[in-house]
Amino acid sequence: MSLIHKHLSKTPNFRNDPIKMNTNGSLKQEVKLNTIGSVIKSVSYEIKFSANKGRGAFLLEPVEAGNLVLLEQAAVIGPKQTSPLVCLECFTKLSTKDLEYCCSKCGSTLCQSCSNLELRPLHDSECQIFQQAGHRFNPSTEKGARALYNIVTPLRFLLRAERNPEILFLHDNAESRQDTLIYCFNQVTVARTLREQLQLKERFSEAFIHKACGILDTNCYELGWNQLQARGLFLDIAHINHDCVPNCFKFFDENNNMCVMSAQDLQPGDELTLSYTPPLMSTPLRQVILQQTKLFVCHCARCHDPKELGAKLAALKCSPCGGDVLPENPIDLNSDFRCESCATIVPSERGKMMLDTAMKFVGKGSGNTQVSGDTFDVIQHLGRFLRPTHNLIVDLKLRFLNQLLMEVEHDLESRDTAETQEKLAHSLGFGLDLLNMAVIVNPGKSRLRGIISDLYHKLDKHVINGQDIKCEMEALMSEKDIQAQFKFDRGFHANNGTTLLSNGTKCLG
């Protein structure tokens, strides 16, 4: 049975439980899926059920690698509940000095430019509700700002749903969220505030507010363009399911629209996938994030393989033999570890303790490095109990490359010293390690490979003699393939403004 997508003939009663969507069949899409008009450009695909994932997006036409799959505006956009001080209209970060420009009518945080606007498309609707309730926020303290940011995005969703009830078709994880900490948090900070303090009890039921929070938490993407911070709901992109080795990647264009590009050649019938987690995270870390924030267990091929298809991002170092100690069951967060070489068993608690010690060392004191030399020393130190492929060391290698490039480009005279040349030689080796990793976890034309390739080539320009590493690179990929990949990667990196941050994998989601 087909599921025909159309305008609802009747707006649901928001005073009672929200509408529910029939979940049998598929929904075909030619150019636009939703009727709200957030899609700017799209290939042809259909929405149908995907094994163990609910609804998914499946292609109806072939798409070559590197081509646009979807270009979409956010249907709802607002601050994260844990957001720092931001303007609620443009999401520019604010300092406490900027609080003098707060909205004169309701006290909401605005930047100087937005405070002078006559019309504020995002903020004006909620501002009217705040005024009608006689409620004024005091964001001069972190507590005051948090009280505001907890409710703004859910309220914007609710107001949008009144105009466009199609937005309610998205998955909300209602059953999984019931009686969880986040459910209780939203009950106190969102539902109670909206219904009692803002006097919306007759307009929105508790169930409807929790549905809004569930849809947002399940489907929103964190936005981070041009130093702005927000979260956005993209109605069509929300149908693209997760895979830890995705066939698509995402970025934001100059107009803050989300772009989904194909990383590989795709055929009709292929399901479109994106990764909800950074690609260079180990399976245990990805599972924690997915289970806690998205409320599902990923069962992709990478997650079921202790070796992560060869990436081995969770590999500890075996004390007896120095081999790779990997989780026996990566999906089980309490799994024991086993050495590939000598079969030594490392109990789960001991493995967690080793990792916790390493993470604390990286995050504090001498591990929280600002210069490349110190970062290299930390890599050497962690190598005593983590394997070179472990995600913490991979993250530090990215940090090292970024720090070294900044140091060399800011002090060209130091480039020719023996110490710097030694670091540069190590950087090319690290770049090779990272590219090998990217080929596994982000195959095809991907943002991750673009960032690593761009870094590698910029560092390579400063190396006096890196022929040995270049030979290894050529062994990994043919010269023709290298040139084609780097041409795409470097061009994509430049044209789409991707920025390598000093904190490594956090920028690669």
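Here are the numbers for the structure shown:
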{"quantity": "Which numbered condition Thr344 misses (of (1) loosely packed, with under 13 Cβ neighbours inside 10 Å; (2) more than 30 Å from Asn173 (Cα to Cα); (3) more than 23 Å from the chain's Cα centre (by Cα))", "calculated": "(1)"}
{"quantity": "Residue match in region 330-341 (condition: surrounded by 21 or more Cβ atoms within 10 Å (Cβ to Cβ), closer than 18 Å to Asn391 by Cα and β-branched (Val, Ile, Thr))", "calculated": "no"}
{"quantity": "Inter-residue pairs, beta-carbon under 7 Å, first in a helix (DSSP H, G or I) and in region 341-355, second modelled with pLDDT under 95 and not polar (S, T, N, Q), 6+ apart", "calculated": "Met354/Phe385"}
{"quantity": "Qualifying residue in region 319-338 (condition: modelled with pLDDT under 95 and β-branched (Val, Ile, Thr))", "calculated": "yes"}
{"quantity": "Thr189 being buried (at least 20 other Cβ atoms within 10 Å of the Cβ), touching a residue at least 12 places away in the same chain (Cβ under 8 Å) and not aliphatic (A, V, I, L, M)", "calculated": "no"}
{"quantity": "Failed criterion for Gly224 (all others in (1) assigned by TED's automatic domain parsing to the domain that holds Phe157; (2) touching a Leu at 6+ places or on another chain (Cβ under 7 Å) hold)", "calculated": "(2)"}
{"quantity": "Out of Leu233, Leu266, Leu228, Leu223, sole residue that is surrounded by fewer than 21 Cβ atoms within 10 Å (Cβ to Cβ), aliphatic (A, V, I, L, M) and more than 22 Å from Leu280 (Cα to Cα)", "calculated": "Leu228"}
{"quantity": "Single unsatisfied condition, Glu413 versus (1) under 22 Å from the mean Cα position of the chain (by Cα); (2) more than 21 Å from Met353 (Cβ to Cβ)", "calculated": "(1)"}
{"quantity": "Hits in region 383-410 - residues which are within 26 Å of the chain's Cα centre (by Cα), free of Cβ contacts under 8 Å to residues at least 40 places away in the same chain and within 15 Å of Asp460 (Cα to Cα)", "calculated": "Phe400, Met406"}
{"quantity": "Restricting region 403-451 to residues that are assigned to a helix (DSSP H, G or I) and of a type in the set (Ser, Thr, Tyr), the residue that is modelled with the lowest pLDDT", "calculated": "Ser414"}
{"quantity": "Residue under evaluation Val325, criteria (1) assigned to a helix (DSSP H, G or I); (2) among the β-branched types (Val, Ile, Thr); (3) surrounded by 21 or more Cβ atoms within 10 Å (Cβ to Cβ), criterion not met", "calculated": "(1)"}
{"quantity": "Boolean, Asn241 is over 16 Å from the mean Cα position of the chain (by Cα) and under 26 Å from Leu68 (Cα atoms)", "calculated": "no"}
{"quantity": "Residues that are more than 16 Å from Thr189 (Cα to Cα), surrounded by 14 or more Cβ atoms within 10 Å (Cβ to Cβ) and out of contact with any helix residue (DSSP H, G or I) (no Cβ under 8 Å at 6 or more places or on another chain), drawn from region 118-161", "calculated": "Asp124, Cys127"}
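The values are calculated or read from the model by the stated rules, or taken from the named source; none is laboratory data. Note that the structure is predicted; figures quoted are calculated from it, not measured. Here Cβ is always computed from backbone atoms with ideal geometry, including for glycine, and neighbour counts include all displayed protein chains.
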